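Structure first, commentary second.
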Amino acid sequence: MTVLPDDGLSLAAEFPDATHEQWQRLVEGVLRKSGKDVTGTAAEEALSTSLDDGLRTRPLYTADDTREADSPGLPGFAPFTRGGSAAGTTATGGWDVRQRHERPDPARANEAVLADLENGVSSLWLAVGDAGLPVSGLEQALDGVYLDLAPVALDAGAEFDAAARELLRIFEARGVTAEEARGSLGADPLGLAARTGTYEPELAGQAAALAQLTSRQYPGLRALVVEALPYHEAGASAAQELGCSLATGVAYLRTLTEAGLDVEAACGQLDFRYAATADQFLTIAKFRAARRLWARVAEVCGAPGAGAQRQHAVTSSVMMTRRDPWVNMLRTTIACMAAGVGGADSVTVLPFDQAIGLPDAFARRIARNTSTILVEESHLSRVVDPAGGSWYVEQLTDELAAAAWEWFQEIEQAGGQQQALASGLVGERIAATWERRTKALAKRREPITGVSEFPNLAERQVDRDPAPAKPSGGLPRVRRDETYEALRARSDAHLAATGARPRVFLAALGPAAAHTGRVTFAANLFQAGGVEPVHDPVTVDPGSVAGAFAASGAGVACICSSDALYAEQAADVAAALKEAGARTVFLAGRPGEAEDTYRSAGVDAFVFAGSDAVAILTSVLDRMEVK
């Protein structure tokens, strides 16, 4: 961060310096208007947000927050927080745009591969073996590909040795010299153990043999990948993902040095793969912290110059939704931006339909163009570490690195990554994190646009060819939308069987100004579970509500209005709805001291911001006998 000289031309020269205390007093005034009478530090704390791993995001950061933190250094120099090279991705015209392909048909895979390479993709990530292409189909899939120009990264699971040998044979057959061959052979025995629940020691020997070969003959190839995706996709926090990747990387360093490589050569055989999410600042901090942490490992191992971690970012599959998948384009755009700003060397944007099946040509086009727009039109790669110097980002990087290092040390104390996986330590800790997050998702404190917020029951389903089965038996694969998806699937089955979705009658009391806010809230809530609100909420009163409910064809009802009108009419309306046959009567809003009165009149439950939407919607479908 450059410090400009004091030339007397400061734009703030005529204004007195503001103090932290002055800002806090302004915050106190705003909070007081919202009913919170807090002062000083408590006022600031009221605007803070809790994150996983004990981290907390504050509303204001100043230079004081980073004075005691370790220096991030300069780009290209230890601790590599600001980038693995001094020029970042500017020297290569932007980050490497790496597209994933997992079609099992070599001919169709080749068609997709060539289309991507002709339209902006710069490297390939190929699923081989049970997860995609057969090893024997690799040559056909790469037909017409200039392998001296387009790096190839393999993801072959337990078949990585056979796939790697086949790729090396193809290099030789195509006249690609050892110096021109570039990419990753994808050996990852511990990542496979996380996926399948079984560690195969012989795979470690195969990985070491590949590393010895590539270290001697192929300077542009790396034999092993430290993949953190199995942990992220099981629900891990950012610090847990980083800690597991560190423990895996250290385990591979031990394996490779025992096989005869020195530490520097062993570091040169490792690629690191992390998830990028739509939480842009946390993603930026994660990639910066990952480089800093690995630099520390390399330093302790005696090779500080080899600590520049090479990173491959993949947009998170956990955040991808099956309903309203078009919103995934927005999520992956933010994730791609964050990964690029965070300094990732390669970025894979998963197509928006990835959660549904094999992506089509349009989805792949949008995915690759996401990086193109960010690099070519938004010019994100023209600045090295653009987030560097931000007090918030620097502090978040520092805190995240500390939390990840603590988890890494715990894994090492448990005997290393392989033992921590086998004992269940990793799985149990990640499961606890995901359980906490699941509760936030159920209460919509972590909203999912198009799923838990603003769902569209009339959307047309997107159909895709099924993707190859993923490895199973180890850590689970989770998605943010999974509980809501189960509810929507019940609604879909009911629609197919009866010709109509389960419906809810919104009993709006009084004028639009009184009921619109809660009608909108209730409509979004019920649609998240596939329960269709009766269109155009009917304004009712105790005398007309029974007839309106009967005409709606709904099985349940929700009263919506202001607290003042609730006091006047809610009890009588609830009683009339019950008498008219409503199986369940909800009231939108917190009941306060009138709860007993409303319940005795027939209100069964209350829906409000922060209530457990999944539990409410499950009970609604159960009472309406929607299977």
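Here are the numbers for the structure shown:
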| quantity | calculated |
| --- | --- |
| Count - residues of the range 99-146 that are assigned to a loop (DSSP other than H, G, I, E, B), in contact (Cβ under 8 Å) with a residue 60 or more places away in the chain and either on the phi > 0 side of the Ramachandran plot or crowded, with 21+ Cβ neighbours inside 10 Å (or both) | 4 |
| Filter result for Trp391 (at pLDDT below 95, surrounded by fewer than 18 Cβ atoms within 10 Å (Cβ to Cβ) and either closer than 22 Å to Ala150 by Cβ or not β-branched (Val, Ile, Thr) (or both)) | yes |
| Near pairs, Cβ below 7 angstrom, 6+ apart or cross-chain, from the range 285-301 (touching a residue at least 60 places away in the same chain (Cβ under 8 Å)) to any residue that is assigned to a helix (DSSP H, G or I) and among the basic types (Lys, Arg) | none |
| Test for Ala404: is it at pLDDT 95 or above and under 30 Å from Gly129 (Cα atoms) | no |
| Single condition Leu203 does not satisfy, out of (1) within 21 Å of Arg273 (Cα to Cα); (2) surrounded by fewer than 23 Cβ atoms within 10 Å (Cβ to Cβ); (3) in contact (Cβ under 8 Å) with a residue 40 or more places away in the chain; (4) out of contact with any Phe, Trp or Tyr (no Cβ under 8 Å at 6 or more places or on another chain) | (4) |
| Wholly within the range 228-283, helices (runs of 4 or more DSSP H) carrying at least 3 residues that are surrounded by 24 or more Cβ atoms within 10 Å (Cβ to Cβ) and either touching a Cys at 6+ places or on another chain (Cβ under 6 Å) or at negative phi (or both) | 229-232, 238-258 |
| In the range 553-585, the residues that are surrounded by 20 or more Cβ atoms within 10 Å (Cβ to Cβ), outside any helix (DSSP H, G or I) and either among the polar types (S, T, N, Q) or more than 42 Å from the chain's Cα centre (by Cα) (or both) | Ser561, Thr584 |
| Any hit, the range 456-475, residues being in a loop (DSSP other than H, G, I, E, B), over 18 Å from Ala574 (Cβ atoms), in contact with a Ser or Thr (Cβ under 9 Å, 6 or more places away or on another chain) and among the aliphatic types (A, V, I, L, M) | yes |
| Yes/no for Ser611 being of a type in the set (Ser, Thr, Tyr) and in a loop (DSSP other than H, G, I, E, B) | yes |
| From the options Ala164, Ala193, Ala207, Ala181, residue that is closer than 22 Å to Ala432 by Cβ and modelled with pLDDT of 95 or more | Ala193 |
| Boolean, Pro75 is assigned to a loop (DSSP other than H, G, I, E, B) and either under 33 Å from the mean Cα position of the chain (by Cα) or in the same structural domain as Val341 (by TED's automatic domain parsing) (or both) | yes |
| Given (1) touching a strand residue (DSSP E or B) at 6+ places or on another chain (Cβ under 8 Å); (2) modelled with pLDDT of 95 or more; (3) part of a loop (DSSP other than H, G, I, E, B), index of the condition Val451 fails | (1) |
| One residue from Asp155, Asp143, Asp130, Asp188 being closer than 15 Å to Pro106 by Cα, within 30 Å of the chain's Cα centre (by Cα) and of a type in the set (D, E, K, R) | Asp130 |
| Residues being more than 25 Å from Thr90 (Cα to Cα), without any contact (Cβ under 8 Å) to a residue 60 or more places away in the chain and not in a helix (DSSP H, G or I) - total across the range 304-353 | 2 |
| Which listed residue is over 30 Å from Ile366 (Cβ atoms), outside the structural domain of Ala289 (by TED's automatic domain parsing) and surrounded by fewer than 18 Cβ atoms within 10 Å (Cβ to Cβ), from Asp64, Asp53 | Asp64 |
| Residues within the range 476-496 that are out of contact with any Gly (no Cβ under 6 Å at 6 or more places or on another chain) and part of a loop (DSSP other than H, G, I, E, B), tallied | 5 |
| Of all residues making up the range 497-552, the number that are surrounded by 14 or more Cβ atoms within 10 Å (Cβ to Cβ), in contact (Cβ under 8 Å) with a residue 12 or more places away in the chain and either of a type in the set (Gly, Ala, Ser) or part of a strand (DSSP E or B) (or both) | 22 |
| Pair list, Cβ under 9 Å, 6 or more apart: the range 400-420 residue within 11 Å of Ala247 (Cβ to Cβ), other residue among the acidic types (Asp, Glu) and part of a helix (DSSP H, G or I) | Ala404/Asp53; Ala404/Glu241; Trp407/Asp53; Ala420/Glu410; Ala420/Glu412 |
| Scope the range 78-98; condition surrounded by 15 or more Cβ atoms within 10 Å (Cβ to Cβ) and assigned to a loop (DSSP other than H, G, I, E, B); matching residues | Ala78, Pro79, Phe80, Thr81, Arg82, Gly83, Gly84, Ser85, Gly88, Thr89, Gly94, Trp95 |
| Filter result for Gly157 (surrounded by fewer than 21 Cβ atoms within 10 Å (Cβ to Cβ) and on the phi > 0 side of the Ramachandran plot) | no |
| Verdict on Thr483 being surrounded by 17 or more Cβ atoms within 10 Å (Cβ to Cβ) and in contact (Cβ under 8 Å) with a residue 40 or more places away in the chain | yes |
| The range 227-239, residues that are out of contact with any helix residue (DSSP H, G or I) (no Cβ under 6 Å at 6 or more places or on another chain) and closer than 14 Å to Ala290 by Cβ | Leu229 |
| Qualifying positions in the range 363-417 - over 18 Å from Ala295 (Cα atoms) and assigned to a loop (DSSP other than H, G, I, E, B) | Ser378, His379, Val383, Val384, Pro386, Ala387, Gly389, Ser390, Ala414, Gly415, Gly416 |
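This table checks each residue for (1) assigned by TED's automatic domain parsing to the domain that holds Ser390; (2) under 26 Å from the mean Cα position of the chain (by Cα); (3) surrounded by 24 or more Cβ atoms within 10 Å (Cβ to Cβ).
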| residue | (1), (2), (3) |
| --- | --- |
| Ala289 | yes, yes, yes |
| Glu299 | yes, no, no |
| Pro304 | yes, no, no |
| Ser316 | yes, yes, no |
| Gly340 | yes, yes, yes |
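The values are calculated or read from the model by the stated rules, or taken from the named source; none is laboratory data. Keep in mind that this is a model prediction, so the values were computed, not measured. Here the Cβ is made from the backbone with ideal geometry for all residues, glycine too, and neighbour counts use every protein chain on show.
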